[in-house]
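Participant: Okay, here's the structure, questions in a sec.
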Amino acid sequence: MRYLTFALAKGRLAKKTLEILEKVGFSCEEMKDPNSRKLIFTNEEQKIKIFLAKASDVPTYVEYGAADIGVVGRDTILEEGRKLYEVIDLGLGKCRMCVAGPKEAGELLKHGELIRVATKYPNIAKDYFYNKKHQTVEIIKLNGSIELAPIVGLSEVIVDIVETGSTLKENGLEVLEEICRLSARMVVNQVSMKMEHERITKLIGALREVLIHTKEA
Ligand code: PRP
């Protein structure tokens, strides 16, 4: 039996994903050592390997087959636009992708004016403004603290993730339009889905069961 390889987005999401994987019988004791500098962990008995990667790289590992399975936020999946199968919504890290800005910027959106949009997600922003709203905008790519952009006059609005809404609120900004709902998803390499069909569908089934029971609890 060959190894089934998992790529997890490192951080809080990886920790929660490991808890779910444990519930369906996959575990990796080695990963629990906080002092370990290892990048990839193996469970010889279950023939699985798990590695942690930067979230935005997870879809790349999965598309190329370096990982059979990945767990990452839908924001990253949409932004990266890789060829892969999205198989389960794990319901973790629920949030929304939104257009936000100062209240007044709502008018600029309504009238389809040429505005600047700052974002860490240029592909999602382009798709939303060009293909869904048919509004021409200038997209400015930033790498973090996106809420700063409209405050200092870099852009009129931003496209960003909103979870609790407190970052917006504390900076005098608000949600102007919702683009889509987000949460963590499991993705599968298209060839692995055929070659390891039995193991992967069994895993998906077991995860569905666990998720149903978690919701009911
Ligand atoms: C994310 C996002 C918002 C914030 C939203 O930023 O970009 O800034 O969280 O959360 P809230 O609605 O609960 O306030 P993150 O902390 O990932 O850092 P970043 O600014 O570097 O993107």
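Throughout, read-outs are computed from the coordinates displayed, never taken from laboratory work. Note that the coordinates shown come from a computational prediction; the quantities given were computed from them, not determined experimentally. Cβ coordinates were reconstructed from backbone atoms using ideal geometry, including for glycine residues, and neighbour counts include every protein chain displayed.
Participant: ³J(HN,Hα) across region 180-191 via Karplus (A = 6.51, B = -1.76, C = 1.60, θ = phi - 60°), whole Hz, x for Gly/Pro?
Facilitator: Computed from phi, the couplings for region 180-191 are 6, 8, 10, 5, 6, 10, 9, 10, 10, 5, 5, 6 Hz.
Participant: Would you be so kind as to identify which of Tyr121, Leu90, Ala105 lies farthest towards the positive end of the dipole of region 64-123, taking Lys and Arg as +1 and Asp and Glu as -1 on Cβ and the Cα centre as origin?
Facilitator: In region 64-123, that residue is Ala105.
Participant: Going by C-beta contacts inside 10 Å, put Asp57, Asp160, Asp75, Asp33 in order with the fewest on the left.
Facilitator: Working: Asp57 18, Asp160 28, Asp75 24, Asp33 10.
Placing the least packed residue first, the sequence is Asp33, Asp57, Asp75, Asp160.
Participant: Net charge within 14 Å of Lys169 by Cβ-Cβ distance, Lys/Arg positive one each and Asp/Glu negative one each, not counting Lys169 itself?
Facilitator: Working: positive: Lys103; negative: Glu147, Asp160, Glu163, Glu170, Glu174.
Residues close to Lys169 contribute a combined charge of -4.
Participant: Test of understanding: what is the full-extension gain from Asn143 to Cys180, defined as 0.36 nm times their sequence separation minus their Cα-Cα distance? Before the final figure, lay out each step's value.
Facilitator: On the way: separation 37, 0.36 × 37 = 13.32 nm, distance 2.04 nm.
Extending this stretch completely gives an extra 11.3 nm.
Participant: How charged is the neighbourhood of Arg116? Take every other residue with its Cβ under 12 Å from the Cβ of Arg116, and add Lys/Arg as +1 and Asp/Glu as -1.
Facilitator: Numbers: positive: Lys141; negative: Glu113, Glu138, Glu156.
Neighbourhood net charge equals -2.
Participant: Another question, then. Shape call for the chain from the C-alpha gyration tensor, a ≥ b ≥ c root eigenvalues: rounded (a/c under 1.5), prolate (a/b greater than b/c) or oblate? Don't skip to the end; give the middle numbers.
Facilitator: Values: a/c = 2.34, a/b = 2.12, b/c = 1.11.
Prolate shape, in that a/c is at least 1.5 and a/b is the bigger ratio.
Participant: Based on alpha-carbon centroids, what's the gap between region 143-217 and region 80-99 in Å, whole number please?
Facilitator: Cα centroid to Cα centroid, the span is 5 Å.
Participant: Using alpha carbons only, how many degrees (0 to 90, rounded to 10) separate the axis of helix 12-23 from the longest principal axis of the chain?
Facilitator: The helix 12-23 is inclined about 30 degrees to the chain.
Participant: Most fluctuating residue of Val99, Val58, Val24 in a GNM of the chain with Cα springs under 10 Å: which is it?
Facilitator: Val24
Participant: Pairing the Cα long axis of helix 197-216 with the longest principal axis of the chain, what angle in degrees results, from 0 to 90 and rounded to the nearest 10?
Facilitator: Long axis of 197-216 versus the principal axis of the chain: about 60 degrees.
Participant: Same structure again: Quick one: net charge around Phe26, please, counting Lys, Arg +1 and Asp, Glu -1 for every other residue with C-beta under 12 Å from its C-beta. Show your work: numbers first, answer last.
Facilitator: Working: positive: Lys23, Lys47, Lys49, Arg199, Lys202; negative: Glu19, Glu22, Glu29, Glu45.
Net local charge, Phe26 excluded: +1.
Participant: What residues have an amide H closer than 5 Å to that of Ile140, excluding those fewer than 5 places away on the same chain, when H is modeled at 1.01 Å from N in the peptide plane?
Facilitator: Under 5 Å from the amide H of Ile140 lie the amide H atoms of Val117, Ala118, Thr119, each far enough along the sequence or on another chain.
Participant: Rank these for me by crowding, Met1, Met97, Met31, going from fewest to most other beta carbons within 10 Å. The partial results should precede the final answer.
Facilitator: Details: Met1 7, Met97 24, Met31 19.
In order of increasing Cβ crowding within 10 Å: Met1, Met31, Met97.
Participant: Using a basic spin-label model with each label point 7 Å from the Cα along Cα→Cβ, how many nm lie between Asn171 and Glu104?
Facilitator: 1.8
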